[in-house]
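Structure first, commentary second.
The values are calculated or read from the model by the stated rules, or taken from the named source; none is laboratory data. Keep in mind the model is a prediction, meaning the values are calculated, not measured. With ideal geometry, Cβ positions are generated from the backbone for all residues, glycine too; neighbour counts draw on all protein chains shown.
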RNA sequence: GUGGAUGUAGUUCAGCUGGUUAGAACGUCGGAUUGUGGAUCCGAAGGUCGGGGGUUCGAAUCCCCUCAUCCACCCCA
């Protein structure tokens, strides 16, 4: 085979696209119920937006971006995540000046140069949402609720919401300093990954699978939280409880993006493999300012639609049935084909789903095709019908058929379809 | 970037320690029903055995290289 979809990308074939459309429609309905409005930003951005927004210490920026130079000598990057472009667009168009609160969602492709595996692609599609402008813990909860309830609405079960707080620029540095002091003497005894993580993001070291048991006496973020952060975190938990969203506290949950403050969360499915997060997000109270706006709080999430579909498949979730074909026009002979074209056009104008044979197959094959399409009625036009100026209509469910004169065809079948 | 597994019809797979015409199921097409679907029966088409090189009288099968896919690490959606 000559051409193949490049590594880590895949095609959504007709057999799967109805599943996608269904998921997308559920997402849009949920987002709109909460009052989120869609935002569409370009598929690529100036590279610097991610270096500054996502953070230059993150894996995404250090080794996963699809970056290239365009003919105008600009450094361009295919977006690896959705939040920085959304903030950029809000600032560029002064959305936050028009209204101090902005709630947006998006369904968009993301690109990361990673080694593909189950649930991880180089191009994947994220459903994300952001609330910008509100410092309220209820904004955190609204965003979590949108994600959680969307997943539930799709029929996903075995969901696990993990929750943590990362503190703020006031209290996190103190914890970080303490943790670094605690870890430093242990480094020679820790694995190479730990040593690597220690340099990039010390909070991550505690999450190591190899050395996990060596950190029993490690200092905890909880002991260092300032009162504002502590209250905020408590309020998030209280509100989640009020709306009956179950969660577990996970002190090791440290998201891989630099901009998170306070709340961090992740929803995982037990129906997925190693990459089990359906979505994750958190609060980013410093990001807007970092990208050149006034200090403005924000909170949001990103979630992977390919993973939704994977989890739904693994879990055996049933998708709604596809629409059936109302009329299949089976034809024999040239005149019949022309007549069929005419009839089909009229039926579609009336709003029916209507297909016509395009391969000149045998009548048997055409009937088989009609059956495959789950057709309600077959309109048969052969040489006999042409001679007599009629059409044979077969009811595929009732197995009955009758002959209808051409001139009253549309009226007749309109009636039949209403039954 | 690291490790492991796998590449044979459209699809899912079989093919024993190398032996000559590479099989099955499903799907497709045709027939049983000269113009009628889903069930059944019969038949047909469809394969450079991922690619290249080597060993051998002989390679889908053994060796080397390469490419791709999958899974895991890392990290994330």
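Could you tell me whether any residue of region A:43-58 is more than 17 Å from residue A:259 (Cα to Cα) and free of Cβ contacts under 8 Å to residues at least 12 places away in the same chain?
No - not one qualifying residue is present in region A:43-58.
Test residue A:9 against the criterion of being within 13 Å of RNA strand B (Cβ to nearest atom), touching a strand residue (DSSP E or B) at 6+ places or on another chain (Cβ under 7 Å), touching a residue at least 60 places away in the same chain (Cβ under 8 Å) and not assigned by TED's automatic domain parsing to the domain that holds residue A:114, and give yes or no. Show your work before the answer.
Working: within 13 Å of RNA strand B (Cβ to nearest atom): yes; touching a strand residue (DSSP E or B) at 6+ places or on another chain (Cβ under 7 Å): yes; touching a residue at least 60 places away in the same chain (Cβ under 8 Å): yes; not assigned by TED's automatic domain parsing to the domain that holds residue A:114: yes.
The answer is yes for residue A:9.
Pick from A:214, A:251: which is within 20 Å of residue A:178 (Cβ to Cβ) and either in contact (Cβ under 8 Å) with a residue 60 or more places away in the chain or within 10 Å of RNA strand B (Cβ to nearest atom) (or both)? Quick ask: steps written out before the conclusion?
Numbers: A:214 fails: either in contact (Cβ under 8 Å) with a residue 60 or more places away in the chain or within 10 Å of RNA strand B (Cβ to nearest atom) (or both).
From the options A:214, A:251, the qualifying one is A:251.
Could you please find all residues in region A:156-177 being buried (at least 16 other Cβ atoms within 10 Å of the Cβ) and over 25 Å from residue A:287 (Cα atoms)?
Matches in region A:156-177: A:156, A:159, A:160.
Results for (1) surrounded by 16 or more Cβ atoms within 10 Å (Cβ to Cβ); (2) out of contact with any helix residue (DSSP H, G or I) (no Cβ under 7 Å at 6 or more places or on another chain); (3) farther than 30 Å from residue A:189 by Cβ; (4) assigned by TED's automatic domain parsing to the domain that holds residue A:302, shown as yes or no for each residue.
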{"site": "A:218", "(1), (2), (3), (4)": "no, no, no, no"}
{"site": "A:242", "(1), (2), (3), (4)": "no, yes, yes, yes"}
{"site": "A:245", "(1), (2), (3), (4)": "yes, no, yes, yes"}
{"site": "A:248", "(1), (2), (3), (4)": "no, yes, no, yes"}
{"site": "A:252", "(1), (2), (3), (4)": "no, no, no, yes"}
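Working only within region A:313-348, note down all residues that are without any contact (Cβ under 8 Å) to a residue 12 or more places away in the chain and within 35 Å of the chain's Cα centre (by Cα).
Of all residues in region A:313-348, those without any contact (Cβ under 8 Å) to a residue 12 or more places away in the chain come to A:313, A:316, A:321, A:334, A:338, A:342, A:345, A:348.
Result: A:313, A:316, A:321, A:348.
Count, please, the residues in region A:341-356 that happen to be within 15 Å of RNA strand B (Cβ to nearest atom) and crowded, with 21+ Cβ neighbours inside 10 Å.
1
Considering region A:398-410 alone, what residues qualify as being surrounded by fewer than 18 Cβ atoms within 10 Å (Cβ to Cβ) and assigned to a strand (DSSP E or B)?
Answer for region A:398-410, where residues must be surrounded by fewer than 18 Cβ atoms within 10 Å (Cβ to Cβ) and assigned to a strand (DSSP E or B): A:401, A:402, A:403, A:405.
Going by what's in this entry, would residue A:204 be described as over 25 Å from residue A:65 (Cβ atoms) and either without any contact (Cβ under 8 Å) to a residue 60 or more places away in the chain or not in a loop (DSSP other than H, G, I, E, B) (or both)?
Details: over 25 Å from residue A:65 (Cβ atoms): no; either without any contact (Cβ under 8 Å) to a residue 60 or more places away in the chain or not in a loop (DSSP other than H, G, I, E, B) (or both): yes.
Judged against the criteria, residue A:204 is not a match.
Condition check: closer than 19 Å to residue A:299 by Cα and surrounded by fewer than 22 Cβ atoms within 10 Å (Cβ to Cβ). Does residue A:78 satisfy that? Walk me through how you get there before you give the answer.
Values: closer than 19 Å to residue A:299 by Cα: no; surrounded by fewer than 22 Cβ atoms within 10 Å (Cβ to Cβ): yes.
When the stated conditions are applied, residue A:78 does not pass them.
In this structure, does residue A:298 turn out to be away from RNA strand B (no atom under 14 Å from the Cβ), closer than 30 Å to residue A:103 by Cα and crowded, with 20+ Cβ neighbours inside 10 Å? Break it down stepwise before answering.
Numbers: away from RNA strand B (no atom under 14 Å from the Cβ): yes; closer than 30 Å to residue A:103 by Cα: yes; crowded, with 20+ Cβ neighbours inside 10 Å: yes.
When the stated conditions are applied, residue A:298 passes them.
Could you grab me the full set of residues in region A:357-404 that are over 19 Å from residue A:345 (Cβ atoms), in contact (Cβ under 8 Å) with a residue 24 or more places away in the chain and near RNA strand B (Cβ under 6 Å from one of its atoms)?
Within region A:357-404, A:363, A:367, A:371, A:382, A:383, A:396 qualify.
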